[in-house]
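The values are calculated or read from the model by the stated rules, or taken from the named source; none is laboratory data. Source: prediction; values computed, not measured. Quick reminder, even Gly has a Cβ in these numbers, built from the backbone with ideal geometry, and neighbours come from all protein chains shown. Ligands, DNA and RNA are excluded from the accessible area calculation, which covers all protein heavy atoms including side chains. Shrake-Rupley method; radii C 1.70, N 1.55, O 1.52, S 1.80 Å.
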Amino acid sequence: MSAELIDGKAISQAILDEVRSRIEESGVVPHLVAVQVGEDPASMFYVRNQKKKAEAVGIRYTLRQLSESISQNELIEEIRRLNDDADVTGIILQMPLPKGMDRRAVQRAINYRKDVEGITPTSLGLLLQDRPALVPCTARGAVELLEWVIQKTNDKIEGKDCVIVGRSEIVGKPVAMLMLSMSRSATVTVCHSRTKNLPDKVASADVLFAAVGKPHIIKGEWIKRGAIVIDVGINRVPVLDESGNPVLNEKGKPKYKTVGDVEFEAAKERAAWITPVPGGVGPMTTAILMRNTLEAALRLKGA
Ligand code: NDP
């Protein structure tokens, strides 16, 4: 039997709707400031998307665009000013930073109470201590998709074998911490590039999170029958025709599509539930960012 799809688009829209009504009810208008150094095109795309989503739910969004030539100390000073500004309730530091800057040193300057991306050492430390404040958005979004399935099937996470492939600070590790938390109590295995026998590890998973960034690295045949599969990967790959040649667009350039880390078609035949890519974890990230922004504002305003 083919797996049921976990509709991240619909679930994230429900989160956004809830954020909008909580803002209306509380009367607190969060003010999110994105700090961007230089004009990286991918980062500018995210900024436009964040601004649109923020304004749609009633969050004020300001972009502080800084010159590429700014020094690290000046950037840290700018962040400290935002920390001290009572009108600002959330801060996002857009990546990438110019070459030579120490990303961690700059991130550390963000007041954890305004750290809506959950990436400062304090936010991550609180997560490790199982008293999370603001949690990295993609990790939280991925776990909430699992929780949506668990609720729908009247199941529980406790005791499930959970395998996470990927150990980054923004996805793999925070997912591991969330799944280990007392309120979830999964048994967690974290895999990475040095893991031996990845297929066997994946095959043991009742719940699988894939966060690698390599197209179709997780084969469908590895998936345990009845597993819940949450694919965080976002990979752009060329579209191929039946003979394996690239399909061209109207400009004669290769056409691209987005795929996950999991071989979706084959995995779908074994899993019970699976996220599509696109339309799974992707839209959850911005929705959780908006919810983190609201929660930071409510706490700062004591509402
Ligand atoms: P990173 O590159 O920071 O981490 C990738 C992880 O995968 C590393 O821990 C690495 O291991 C592991 N890895 C690499 N190769 C293998 C392998 N052959 N076998 C097992 N593990 C391997 O990526 P991110 O965590 O930032 O992102 C992961 C994916 O999620 C990407 O596709 C990214 O685009 C996507 N993403 C999606 C978001 C969204 O939905 N909005 C947001 C953030 C990310 P090691 O540590 O040993 O190097």
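Here are a few things to note about the model shown:
- Rounded, prolate or oblate (a/c below 1.5 giving rounded, otherwise prolate when a/b exceeds b/c) for the range 1-82 by Cα gyration tensor: oblate
- Phe45 accessible area, assembled protein chains, probe 1.4 Å, Å²: 120 Å²
- Karplus-derived 3J(HN,Hα) values for the range 146-163, using 6.51 cos²θ - 1.76 cosθ + 1.60 with θ = phi - 60°, are 4, 5, 4, 5, 4, 5, 5, 9, 6, 9, 9, 7, 2, x, 6, 7, 10, 10 Hz; glycine and proline are entered as x.
- With every protein chain in place and a 1.4 angstrom probe, the accessible-area ranking of Lys251, Lys257, Lys114, largest first, reads Lys251, Lys257, Lys114.
- Per-residue Karplus couplings for the range 132-143, computed as 6.51 cos²θ - 1.76 cosθ + 1.60 with θ equal to phi - 60°, are listed in order as x, 9, 10, 9, x, 5, 5, 4, 5, x, 5, 5 Hz, Gly and Pro entered as x.
- Size descriptors for the range 155-303, from the alpha-carbon set: Rg then Dmax equal 17.8, 62 Å.
- Here the chain has 50 percent of its accessible surface on carbon and sulfur atoms, given a 1.4 Å probe and all protein chains in place.
- Local charge for Leu97 was computed over the other residues whose Cβ lies under 12 Å away, with Lys and Arg +1 and Asp and Glu -1, and equals 0.
- The range 218-233 - phi-based ³J(HN,Hα) in whole Hz, Karplus 6.51/-1.76/1.60, Gly and Pro as x: 8, 7, x, 5, 6, 6, 5, 4, x, 6, 9, 10, 10, 9, 8, x
- Think of a 1.4 Å ball rolled over the protein heavy atoms: the chain then has 50 Å² of accessible area per residue.
- Under-5 Å amide H pairs with Tyr256, H placed in peptide plane, nonlocal only: Val239
- The chain - Kirkwood radius from inverse mean 1/r over Cα pairs (Å): 20.4 Å
- Rh (Kirkwood; distinct C-alpha pairs) - the range 129-209, Å: 12.9 Å
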